[in-house]
Structures are given as structure tokens and as C-alpha cells.
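Structure first, commentary second.
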Amino acid sequence: MTIRKATVLGGGVMGSQIAALLVNAGLKVKILDIAIDEKDPNKISRKSYEMITDKKRPHLYDLSFAPNLSYGNFDDDLQDDNDSDIFIEAVKEELDIKHSVWNKVRAVAKDNALFATNTSGIPIEYIAKVFSETERKRFFGMHFFNPPRIMKLVEVIPLKDTAEESINAAQEFAEDKLGKGVIIANDVPGFVANRVGVQTMNDIMYRAEEGGISISDTDALTGRAIGRPSTGTYGLSDLVGIDIAVTVTKGMQQVPGQAQFFKSTQTAEKLVADGALGRKAKKGFYKKEKNQILVYNAESNDYVEQSKPQYPILSQFSKDLKSNMDVIFNAEDEAGLFMWETLRNNFYYSALNVPAAASDYKDIDRAMVWGFNWKKGPFQLWDMMG
């Protein structure tokens, strides 16, 4: 089917960005959210619309696309027949809320509309409980990565009874219309990218806390030197959202056989409890204050100036990842051993997830390169190290 018109269910951070992405790709899009104000039932979705079409900092490539975007609410705009070709749900990660929204959608959607959820943590099968046998054939996960305008990865997660034509339509749409890289993931907690990516982030944070390695030092050791973003582990968590990492971690701890790979990290959990969720909350592990980037200090429970990392091994690294892998493998100092364990644990956990999360090990590499902005995936780095 040709997808020309979409309804985005949820006008939060991800919903708004997905809507902007679709408009930029030439679709007609409507954002819907809850009606919390009787006088202004479209208050939330209108705010999303205004952010996307802001004249000074629009989320659109060209403001002339703005007429293709509209907004409304779940109560008023899901009453009559809806001719959208695809519904993409990005509401709060609570099953009852998702079920409520999908029950409204299924009552008004046309017979061949595709149903997609952007959940990052809830099993697709759980969300699908509200659908009939016929509707399940058109339902799947369609997990975008933050920020969706930039990150290439889209995970398509089918149910066992999702129709092949629905999967193909979703993949073709994401690749050809949106310019994304698609991997087909199994319906397991965390899917592929978050399952592997959050595990290594969690492992690094846990061992850093246990070993007394600071946030800034940890980021210096787990960034470009190992082919990962220059932000490092904590900086990337700020970008993705610390709450997402903590939610995935806690969810994985409940999965049989996974608790040994996902540990509770005190600093991350405290920041989430305090509402310091990362860049979307203006503070997380780091905080920008005037022209300075401060770092969170757990002992003082405050943000302080960063100190320059002093590890000698950092001077041995270059842009040559193969050379860096050799340095790390042969290192005997504290920082080098920390980096070796980082990679070792990532290689091992990645291997365990074939075919648990993905049927092809190359899809794990693609997921980490496209979804977490790594230069090379774990299996590619493993080859480099030997």
C-alpha cells in the first residue's frame, strides 16, 4: 500500500519528532493527544504543532510544509471514520493508556490501515491484546530512535501473526519514504538496539561506580577511542534520556536469565527520581550553565566543573580503531582493563542475543551503528580485536 496520510498518537517529545519527520517526507499528518482542558482540549497537541512549526527554530525543512500538519485530541478526533494509512502511537509507556488509545483507533480506522507502536519497552504482544485476529495482521512495533530526524535506525517488530505484507509495507515505507535503515527485531524485551546498547551502558556505569571512576573520566574512556559517540556513555544517556535507560534496565532485570547482565546504578536512578532526565529536562549527568558544561557530583549532589582526564592510555589512541583495539587488549593499567572489560562484556552479551533478539548477527551491528551512532558494531570490533 502507499502511505500518504498518518496520524501520530501522542504529542510528546518522540511523537512530535516523528510527526515532523513524516511531514518532512511529504505526508499529511495529524497529531493527537489527550484533552486535559475543557476550554482548550487541543492544548497539548497544539503545543507540539507550534514547536514543530516555530518560525525561528522549526522542525521542518521548509515552513511551506506546515499546512500538511494539523492537530487534535483523542476524544474529538477519534469519533468518526478516519482515512489515515498508518497510525503511529507514541503515548506514555503504560499499557492501560496504550490500550485505551488503540481501542479508540480501531473503532474508526479504515480496514487496511497499518497500526504501529513506538514503544521502547513494552512487549508488542501485550499491546496487541486489544486487537481482533484480523487487526493483529496489521499491527507491529515501529521503534524510532531519538532524535528520529537524525538517527537512521527503525526497528520493525512483528507479532507472530503480523501479515508479511504489513511487515514489507512498513519496511518499504521506512526505507524508501523516510530514508531509514530497518532491522526486523524479535519481540523480546528491549528488542535489539536498546537491549544491547542499554546493557553495555548499564555495565559501564555499574563498574564505574564500583571502581570509583568519575562520570567525565568514564566518558573519556568509552567514547571515540572505542568507536562510540564522543559524548561517551553518560553523555549519550543524557541525549537518549536517562529514564529510558533506567526503564529498560529495570524491565530487563525482571526477565529470566537477564538480571546478571543488568545492574542497578545509584546515580542514574537518583537523577531520574529527581526529574533530571537528561537533555530533554535541561539536566542529567551533565548540565549546561551559561557557557559552561557542568558534571553531576554524587557526593555533593550538585553540578561541578569538569576536570580533565589524566589517564596515560588516552594518549595512545588514534582514529585507527584497529590500533586502539590492540592497545586495549594489551593494556594492564586500571583504565585499560576497564576498557577491555567494557568491550569483552559487550561482545559476549551481543553473541548471546543471536538469535534471541535478531536472527542475523549483522543486524546487531547495524542496530548499534544506526541506533546508537557507533562507528562499528560489536561483532565488527570483535573481528578487529582478533
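Got a sec? Which helices (runs of 4 or more DSSP H) wholly within region 1-86 have at least 2 residues that are at pLDDT 95 or above and within 28 Å of K282 (Cβ to Cβ)?
Filter on region 1-86 gives 13-24, 43-52.
Assess whether E93 counts as being at pLDDT below 95 and surrounded by 12 or more Cβ atoms within 10 Å (Cβ to Cβ).
yes
All but one of (1) touching a residue at least 60 places away in the same chain (Cβ under 8 Å); (2) in a loop (DSSP other than H, G, I, E, B) hold for I328; state the number of the condition that does not hold.
Looking at each condition in turn, I328 falls short on (2).
Quick check, is T200 at pLDDT 95 or above and over 19 Å from the mean Cα position of the chain (by Cα)?
Taking the combined requirement at face value, the residue does not satisfy it.
Starting from region 24-53, keep only residues that are within 21 Å of K5 (Cβ to Cβ) and of a type in the set (S, T, N, Q), then list their pairs with residues that are part of a loop (DSSP other than H, G, I, E, B) and open to solvent by 50 Å² or more (accessible area, probe 1.4 Å) whose Cβ atoms are within a distance under 9 Å, requiring at least 6 positions of separation or different chains.
As it stands, the answer is N24/H59; N24/Y61; N24/D62; N24/R149; S45/I34; T53/H59, since those pairs meet every condition given.
Out of all the residues in region 278-290, is one or more open to solvent by less than 30 Å² (accessible area, probe 1.4 Å), within 29 Å of T119 (Cβ to Cβ), in contact with a strand residue (DSSP E or B) (Cβ under 6 Å, 6 or more places away or on another chain) and at pLDDT 95 or above?
yes
Going by the structure shown, is G15 surrounded by 12 or more Cβ atoms within 10 Å (Cβ to Cβ), out of contact with any Asp or Glu (no Cβ under 6 Å at 6 or more places or on another chain) and under 29 Å from K250 (Cα atoms)?
Here the answer is yes, as G15 does meet what is asked.
Being more than 19 Å from N24 (Cα to Cα), free of Cβ contacts under 8 Å to residues at least 40 places away in the same chain and within 18 Å of the chain's Cα centre (by Cα) narrows it down to one of I97, I184, I122, so name that one.
On inspection, the qualifying residue turns out to be I122.
How many residues are open to solvent by less than 30 Å² (accessible area, probe 1.4 Å) and touching a residue at least 60 places away in the same chain (Cβ under 8 Å) if we restrict to region 54-81?
Summing the residues that are open to solvent by less than 30 Å² (accessible area, probe 1.4 Å) and touching a residue at least 60 places away in the same chain (Cβ under 8 Å) in region 54-81 gives 1.
Check region 204-215 and report whether any residue there is out of contact with any strand residue (DSSP E or B) (no Cβ under 8 Å at 6 or more places or on another chain), at pLDDT below 95, open to solvent by less than 20 Å² (accessible area, probe 1.4 Å) and more than 17 Å from Y361 (Cα to Cα).
No, region 204-215 contains no residue that is out of contact with any strand residue (DSSP E or B) (no Cβ under 8 Å at 6 or more places or on another chain), at pLDDT below 95, open to solvent by less than 20 Å² (accessible area, probe 1.4 Å) and more than 17 Å from Y361 (Cα to Cα).
Among the residues of region 341-386, how many are modelled with pLDDT of 95 or more and assigned to a helix (DSSP H, G or I)?
Selection size over region 341-386: 30.
Looking at region 108-117, is at least one residue more than 24 Å from L27 (Cα to Cα) and either part of a helix (DSSP H, G or I) or open to solvent by 60 Å² or more (accessible area, probe 1.4 Å) (or both)?
Looking through region 108-117, none of the residues is more than 24 Å from L27 (Cα to Cα) and either part of a helix (DSSP H, G or I) or open to solvent by 60 Å² or more (accessible area, probe 1.4 Å) (or both).
Evaluate region 324-337: report whether one residue or more is within 28 Å of the chain's Cα centre (by Cα) and open to solvent by 70 Å² or more (accessible area, probe 1.4 Å).
No, region 324-337 has no match at all.
Select from region 307-323 the residues that are at pLDDT below 95 and either in contact with a Leu (Cβ under 6 Å, 6 or more places away or on another chain) or open to solvent by 50 Å² or more (accessible area, probe 1.4 Å) (or both) and list them in ascending order.
S307, K308, Q310, listed by residue number.
The values are calculated or read from the model by the stated rules, or taken from the named source; none is laboratory data. A quick note: this is a predicted structure, and the numbers were derived from the prediction, not measured. Glycine gets a Cβ as well: all are built from the backbone with ideal geometry, and neighbour counts include every protein chain shown. Surface areas here come from the heavy atoms of the whole protein model, side chains and all, with no ligands, DNA or RNA. Shrake-Rupley method; radii C 1.70, N 1.55, O 1.52, S 1.80 Å.
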